[in-house]
Structures are given as structure tokens and as C-alpha cells.
Amino acid sequence: MWQDGKRVTVNIPAHGSQAYFVTGTRMERKRYQGEEAWANKYQEINGFPNARPMEAGAADQGAYMGWLGNLKGNYMEWRNVYSQGGRYKLAIRYATAENRDLQLHVNGEDQGFFNDLNSGGWDDKWSTQEVEVTMQPGYNVIRLGNPVGFAPNIDYIELTLLESAQQSAVNNIRLQQSDTSQLYDLNGRQLPANYSGIAIGDHRKHIKR
Ligand SMILES: [Ca+2]
């Protein structure tokens, strides 16, 4: 077997067969394209004016989702947002030449509206709206739409990890320990207030800083 870091080359004898298992760490995808999202009232099936992918040179990958909203069911959804879980910055790249609102749902929960978005163009000038969201471990569903008026055109969404669920758990322990006056070392001796390191208190270990 021969490998150079990216490729693995093997020699298999004539009439032979070999089986290999490749293991790796799953990376989180950051950017999800609007034109690749599920359009719940896809225009080609449900008629005009419902959401459909459209082309524009100024859009990332040359396309975006247009004709979104004006109807509760005319939303777009990414159902394959894989995450380790945690808090993320969600950036939504949009375009609209008039003031429009955009509603966000994460895993079925209404996150509210972004009001009066306006990038100054329908598909040649794009702006980005950022919001903090919580992702669950595994697959997440992110939905954009507007039930009461047309929504902006959507180029893509991008996720940036702020704090993983694991980091959050450790930080919560740190927060809790700062409120705990009864901390002990591993031999059961009570620790002074200025102690830093591993400590026992409230029936579990704490990281005392
Ligand atoms: Ca795009």
C-alpha cells in the first residue's frame, strides 16, 4: 500500500480482491447555498410566484433562491445542517431592492423576523444579516421564509462556531464553582478561596480558576 497524504494506492493481484476500511473525522460544512435548499412550494410544481433557484453573476456559485415568501408554505429549508452542537453565528446573505422581512426557524422553533432588510439591489448587490443560533448535535433544520410578504432573495447561509456544546458544559461548571464556597481537594481538605486547580465540591469535580 502506498499513500501520499491524500491518495491511497494499492496493488491487487489479478483475480484478487481486497477490502479496506477508511476512518476519519467528520468536518462541519460552513456554507449552505440558497439554490440548493428545499423549496417547499417549488415554482416548477406549484406555479408562479413561488420559490425557485435563479441565476446571477454576483451571487455565490452564480445562483440564489428567489420568489420566497408571501405565503406561509412558501419557505426554503436546509434539512442537512450537520453540527457537533453548540452556539453558532449564522450569516444570511440576501438581496432585495425594497424593504422586506425575513423569518427564521431553527429546528421548528420560531427565531423571529429580521425587519426591513434592503441591500439596494435584487441580485447585483448583496448584504449579510448575522444572528446567533443554537445547533443540536447531529442534523439540524434551518428554515427561511415570510408568511405575510415576499422575502429577500437568498444567496447562502454560513455557520461559524462560537462555542461548542462541550465547551459550554465546561464553562457552566466553571460558572457554578465560582458560586460554591465549599470546595475540597482530593484528600478532602477544604480549600482556600484563592486555590486554583481541580477541586471537589457539590458531588463533582470542578476546575477552580
Ligand atoms: Ca448561491
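Throughout, read-outs are computed from the coordinates displayed, never taken from laboratory work. Quick caveat, the model's predicted, so the values are computed rather than measured. A quick note on method: Cβ atoms are made from the backbone with ideal geometry, for glycine too, and the neighbour counts reach across all protein chains shown.
Under 19 Å between alpha carbons, and skipping anything fewer than 8 positions from LYS72 in its own chain: which aspartates and glutamates qualify?
Straight-distance partners of LYS72: GLU44, ASP101, GLU109, ASP110, ASP116.
Two decimals, Cα atoms only, Kirkwood Rh: what is Rg/Rh over the chain?
Taking Rg over the Kirkwood Rh, I get 1.19.
Any chance you could check the Cα centroid distance between segment 109-125 and segment 30-69 for me, in angstrom?
For segment 109-125 versus segment 30-69, the Cα centre distance is 15 Å.
In degrees from 0 to 90, rounded to the nearest 10, what is the angle of the helix 165-178 Cα long axis to the longest principal axis of the chain?
40
Measure up LYS6/LYS41; LYS6/LYS125; LYS30/LYS208; LYS6/LYS205; LYS6/LYS30 against 32 Å on the Cα-Cα distance and list the ones that go over.
Among LYS6/LYS41; LYS6/LYS125; LYS30/LYS208; LYS6/LYS205; LYS6/LYS30, the Cα-Cα distance tops 32 Å for LYS6/LYS41; LYS6/LYS125; LYS30/LYS208; LYS6/LYS205.
Using the beta-carbon distance between SER168 and LYS30 and R0 = 30 Å, what value does 1/(1 + (r/R0)^6) give for FRET efficiency, to the nearest 0.05?
Approximately 0.90, to the nearest 0.05.
Classify segment 9-122 as rounded, prolate or oblate from the Cα gyration tensor: take a ≥ b ≥ c as the square roots of its eigenvalues, call it rounded if a/c is under 1.5, otherwise prolate when a/b beats b/c and oblate if not.
Because a/c hits 1.5 or more and a/b exceeds b/c, segment 9-122 counts as prolate.
Expressed in nm to one decimal, what extension gain is obtained for the pair THR9 and TYR139 from 0.36 nm per residue of sequence separation less their Cα-Cα distance?
43.5 nm
Could you work out the helix-only [θ] at 222 nm for the chain, with each DSSP H run of four or more residues adding -39,500 (n - 2.57) and the total divided by the number of residues, to the nearest 500 deg cm²/dmol?
-2500 deg cm²/dmol
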